[in-house]
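The values are calculated or read from the model by the stated rules, or taken from the named source; none is laboratory data. Keep in mind it's a predicted model, so treat the numbers as computed, not measured. A quick note on method: Cβ atoms are made from the backbone with ideal geometry, for glycine too, and the neighbour counts reach across all protein chains shown.
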Amino acid sequence: MSETETVAHEAGSGAAAVKGAPPLAQRRQALAQRIPVWTRLTLGDWFDRLATEFAEREHIVTLERRYTYAQSRQLVDRLVKSLIQLGVKRREHVAMLFPTVPEMAFLQLALAKIGAVSVPLNERLGAVELEYQLRQSDSVYLIAMDKLADRNYIEKIGALLPEMRGAPDTWRAERLAALRGVVIESPGGARHAGTLDWEDFLQLGESVSDEALRERQNASRYPDEVALICYTSGTTGSPKGVMMTHDMLMRSAYSAAFSQGLVDGERLASPLPLHHIFGYVEGLLATLFVGGAYIPQALFDAGEFLRLLAASKATRIASVPTMAIALLTHPDLKKHDLSALRSMMNAAAATPLWVWEALQRDMGISEVNTGWGMTELAAAAMYTPFGAPLQVITDTVGQEKPGGVAGLEEFSGALVAFKLIDPETKEDLPPDVTEGELAVRGNIVTRGYYNKPVETGEAIDKDGWLRTGDVFKRRDDGFYEITGRAKDLYKIGGEQVAPKEIEEIICGHETVNQVYICGVPDERMGEVGAAFVQFKAGQDCTQAELVAFVESRVARFKIPKYWLFVEAFPMTATGKVQKFVLRQMATEKFGSAQDRSRSAN
C-alpha cells in the first residue's frame, strides 16, 4: 500500500461519522461542553493542551505526508529548541517565505511557544515587495523554502540579499539592518551560500534541554502580546503589518469552530495560503478545537486538490470563489470519490448564485456559507448561517457571528460590536439609517499597524472602534450587504456615488468582462467618474454604446465621464485590484486634459 493510499485508508476510518453530522445546535453544544469556560492562553499553550487531548488523531494531512497531533507537537518542540539556539529572543520578529506546507504551520506554532512574532510573507511577492516587508517588520531572521514547482524563492532572496554570496559566518545584510541571517529549506536537497541549511538548523536544537524549552515557554505566557504580524494586500497604498495577539487569534479560531459547527474530528481541506489570515485562523487554528485534520495544498491546482479531497476523505472546504469555480469546471471532477464532503465556505469575494447551486448539485455539498472579515479582525466577523436560502448567501455576507464562551457579555456573547458611521464625517449614523461605513470594536480587533502610528490613528479611534472602510447596508432581516468601499465613494456636485452599483450595471453588458470605476477631481463638479473596462475575449463595443446602455438604468450624474478600455488591471500579490493605482492613472491622464482645456481657453 502506497503512502497516499495509507493516508486515505486511515483517514476514512473516522470520516463516516462526520458525514451525517448532527444539527448545528448540537455541534455547538458539544464544543461548549468540552470547553465550558474561556481560558486566556497563548497560542502555544492552547496547542499543547489540544495536542495532548487528541494525541493519536491525524493533525496535518497532505498527499505525501501525515502527522498525528503527537507527532506535530514533537516537531514543533524540535523547532522551538532550534530557534532558541539560533538566538531568537522573546518578542523578536521572524519572517517566513513558504508555500502552504506543514513546515510553515509548525514554524508558526513554534514561534508562538517562545514568545516570538511570526511574520508570514506572501510567497507570490516580488523582491522589492519582500524587501519592504522584511525591512518594515524589523525581522531578525528569514526562514524560507528555496523553490517549489515554478516558484523560485531563492532567486528572489538572492536578488534581495546579494550579501548571501558571502560565507555564513560573515554574512550581514546591509540593506536590512535588523536581519541576522537566512535559513533555507530545500526539498531538492540543494545548499545555498550564505544561508543556514534546514537540516543544520534542526540539529542546532539538539543541545537545548527540555528544561530550557519549558523555561522559555513559561516566560512567554502573555496572551495579550503580539504573536503575528500579517500584511494587508495594499489595495490602498503600501502594505500595512497588522498586529494580532495570541488571545485575539485563538478567540477568533474558537468562534469559527463554534459558529460554523465544526464536528468533532472535522477534516478541513483548504488551498488557502497560511500567510493569509483566512486560511490560518479559519483553517489551521479552528480545527484544533475539535481535534480535526487540517488538509492544506502547497500551491493551488484544481486537479490535484480534487485528488487530495478524495484521498484524505475531507469533510469540509475553506476557499475563495475562484477556487470553487476551478473545481466545478475541472474535467476530472466526476472521477473522484467526494462522498465524505459535507460543507464548504467561500469568502473574500462575492460568489455567484450558480456556483452555490453547482456545489450542491455537482459536488454533493449540503452546507454552504460565506462571510465577511478582514485581517484587522483576525479573520471573519460575519457568517451566513447554514441553511440560509442560496439567494441570501449570494446577496449578503451574513450576520454577526456568535463567539460562544470566547465572546463578550457586553456584546451579548459576540466577539465584536457593529455600528454604521458616515463615510466622510465618521460620525455615528442614527439607528434608522441602514447604510453607511461599518465600524467594529471588540476583542479580536487589531492593536494597530506595526510602526505606522499615523495609519493606526486614522483607522482606530480612542474608544477602540475600527473603521473598516467597507460600506454596508443592514437589511430588515439582520443580514448585511456590502455596497462599496468608503474610499471608493465620490461626490458629483454634492451627490454621492457608489461605484459598485454602476460597475454591476456595466458588467451586465454582453461584451464586458470586468469594470472598475473611481472618482477623479473635476473643477466644475468636484469629482467625476472614470471607468476602466475590460472586454471579454474577442469582443468589444464603443464608449457611446456603453453610455447608452447605462443611462437607461441610472441617474445621469452617475454615468462615468471618462472611459478607458484596458486588457488587464493592476493587481496585488493576493489577486485584488489596486484601485488606488487606477485613481492615480485616471487623475494623471484626465487632470492633464483639464489643464490643457484651461490653457486653450
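Worth pointing out:
- Entry remark, the range 427-478: residues being within 23 Å of Ala378 (Cβ to Cβ), in contact (Cβ under 8 Å) with a residue 40 or more places away in the chain and charged (D, E, K, R) number 7 in total.
- Of residues in the range 400-419 being out of contact with any helix residue (DSSP H, G or I) (no Cβ under 8 Å at 6 or more places or on another chain) and at pLDDT below 95, the one farthest from Phe258 (Cα to Cα): Glu410
- Qualifying residue in the range 218-226 (condition: part of a helix (DSSP H, G or I) and over 18 Å from the mean Cα position of the chain (by Cα)): yes
- Within the range 310-338, considering residues that are in a strand (DSSP E or B) and touching an Asp or Glu at 6+ places or on another chain (Cβ under 9 Å), the one surrounded by the most Cβ atoms within 10 Å (Cβ to Cβ): Arg316
- Any pair with Cβ under 6 angstrom, 6 or more apart, that starts in the range 96-125 at a residue that is on the phi > 0 side of the Ramachandran plot and ends at one that is part of a loop (DSSP other than H, G, I, E, B): Gly115/Arg90; Gly115/Ser220
- Among the residues of the range 430-442, those that are surrounded by fewer than 17 Cβ atoms within 10 Å (Cβ to Cβ) and not acidic (Asp, Glu) comprise Pro430, Pro431, Val433, Thr434.
- Identification of strands (runs of 3 or more DSSP E) wholly contained in the range 339-413 with 1 or more residues that are among the aliphatic types (A, V, I, L, M) and touching a residue at least 60 places away in the same chain (Cβ under 8 Å) yields 343-346, 371-374, 379-383.
Residues checked against (1) assigned by TED's automatic domain parsing to the domain that holds Tyr231; (2) surrounded by 21 or more Cβ atoms within 10 Å (Cβ to Cβ); (3) at pLDDT 95 or above:
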| position | (1), (2), (3) |
| --- | --- |
| Lys426 | no, no, no |
| Ile444 | no, yes, yes |
| Asn451 | no, no, yes |
| Gly478 | no, no, no |
| Leu489 | no, no, no |
| Pro499 | no, yes, no |
| Gly508 | no, no, no |
| Val515 | no, yes, no |
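- Just one of the listed residues (Leu148, Leu134, Leu79) is among the hydrophobic types (A, V, I, L, M, F, W, C) and in contact with a helix residue (DSSP H, G or I) (Cβ under 7 Å, 6 or more places away or on another chain), and it is Leu79.
- Hits in the range 1-45 - residues which are assigned to a loop (DSSP other than H, G, I, E, B) and at pLDDT below 50: Met1, Ser2
- Taking the criterion of being surrounded by 18 or more Cβ atoms within 10 Å (Cβ to Cβ) and of a type in the set (Lys, Arg), the residues of the range 211-260 that qualify are Arg216, Lys240, Arg251.
- Residue count for the range 553-563 satisfying the condition of being surrounded by 18 or more Cβ atoms within 10 Å (Cβ to Cβ) and aliphatic (A, V, I, L, M): 1.
Residue by residue, here is whether (1) among the β-branched types (Val, Ile, Thr); (2) within 30 Å of Gly181 (Cβ to Cβ); (3) not assigned by TED's automatic domain parsing to the domain that holds Arg216; (4) not in a strand (DSSP E or B) holds:
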| residue | (1), (2), (3), (4) |
| --- | --- |
| Phe47 | no, yes, no, yes |
| Thr52 | yes, no, no, yes |
| Ala55 | no, no, no, yes |
| Tyr67 | no, yes, no, no |
| Leu75 | no, yes, no, yes |
| Leu79 | no, yes, no, yes |
| Leu83 | no, yes, no, yes |
| Val88 | yes, yes, no, yes |
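- Within the range 177-217, considering residues that are assigned to a helix (DSSP H, G or I) and small (Gly, Ala, Ser), the one farthest from Lys89 (Cα to Cα): Ser207
- Count of the range 377-392 residues which are surrounded by fewer than 18 Cβ atoms within 10 Å (Cβ to Cβ) and polar (S, T, N, Q): 1
- Search result, residues across the range 279-308 that are over 21 Å from the mean Cα position of the chain (by Cα) and not in a loop (DSSP other than H, G, I, E, B): Gly303, Glu304, Leu306, Arg307, Leu308
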